[in-house]
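This report refers to the structure that appears directly beneath it.
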Amino acid sequence: MAGDDTRMLLLGAVALFEPVNGYQIRRELMSWQVDQWANINPGSIYHALTSLADKGHLTRHDLVDNGRAVAVYEISDSGRAELERLITRSLEAVDAYNGLSFYAAFSLVPLLERPVVVQHLSVRLKNLERTIKELDAAVRVNARMVPPHTVSALHLQLDKLRAERSWLVEVLDDVRSGKLFFVGETSDWAPADDDPGWQMDADRKRYREMLRG
C-alpha cells in the first residue's frame, strides 16, 4: 500500500498544481510533512515523477525557463483514471490498524466535486461502523483467551476508530453545509502573502504560455 499512497500523492499534487516542475512538487509535499507520515523520501520524488511519466500517467515537458532547463509535468488521462481509483479506494476502505491511505486521500479531496466527496465519505462511515462492530465483538469473544495487555491494545484501536467516526460525522456535515470547498467552487481562503504557492501560481501561468507557444 505504501507504493500506492506515494503514487496517489504525487499524481494528486501534479493534478492540483499542473503544469508544475519537480522542485515545486517536492517543496509542496514537504510542506505537508509527507516525509513524517507517508514515509516518502524527499530525494525519491524526482525518480517517482520520472517513473510515472514513463508509465504514461504524467506528461513531461522539457522547457527552458530563463535560460534554465526544467522538467514540467501535467497529469494524463490515464493518470487521472489511476488517481480516481486510488482516491476512491483510500477514502472508502477502512483499515483498523493503519489510516495512512485515508489521510493521504483526504489531502486530495479538493480535486473532487462535492457530491462525490459526500458519496465516498458516506461509504466510509458505513464501513467504519461495521469495522467497529466487528472489532468490538472480536474483543469480547477473545477477552479471556488473550493476554490482558493485548486486550488493552485492541481497546485502543477501538477508541481510535470511534474517535474517527465522530470526526467523520462532523466532516460530512461540513461538506454538505458548504464549509469546505471543492473543485469548481470559489473560496474566501487564500495562502499567506509570503506563501511559496503564489510564486508557483505565477510559474504555472508562465509554463502554460510556453506550452501554448
Being touching a residue at least 60 places away in the same chain (Cβ under 8 Å), surrounded by 18 or more Cβ atoms within 10 Å (Cβ to Cβ) and closer than 26 Å to GLY99 by Cα, is that true of even one residue in region 42-51? no
For residues in region 160-213 being in a loop (DSSP other than H, G, I, E, B) and of a type in the set (Gly, Ala, Ser), which is farthest from the chain's Cα centre (by Cα)? GLY213
Count of residues meeting criterion [part of a strand (DSSP E or B) and of a type in the set (Ser, Thr, Tyr)] in region 34-72: 1
Are any of the residues in region 139-149 under 24 Å from LEU16 (Cβ atoms), surrounded by fewer than 19 Cβ atoms within 10 Å (Cβ to Cβ) and either modelled with pLDDT of 95 or more or among the aliphatic types (A, V, I, L, M) (or both)? no
Scan region 79-106 residue by residue and report those that are at pLDDT below 95 and outside any helix (DSSP H, G or I). ASP95, ALA96, TYR97, ASN98, GLY99
When region 93-126 is examined, which residues are found to be of a type in the set (Ser, Thr, Tyr) and surrounded by fewer than 17 Cβ atoms within 10 Å (Cβ to Cβ)? TYR97, TYR103, SER122
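The values are calculated or read from the model by the stated rules, or taken from the named source; none is laboratory data. Treat the numbers as computed from the prediction; the structure is a model and nothing was measured. Every residue, glycine as well, gets a Cβ built from its backbone with ideal geometry; the counts of neighbours run over all protein chains shown.
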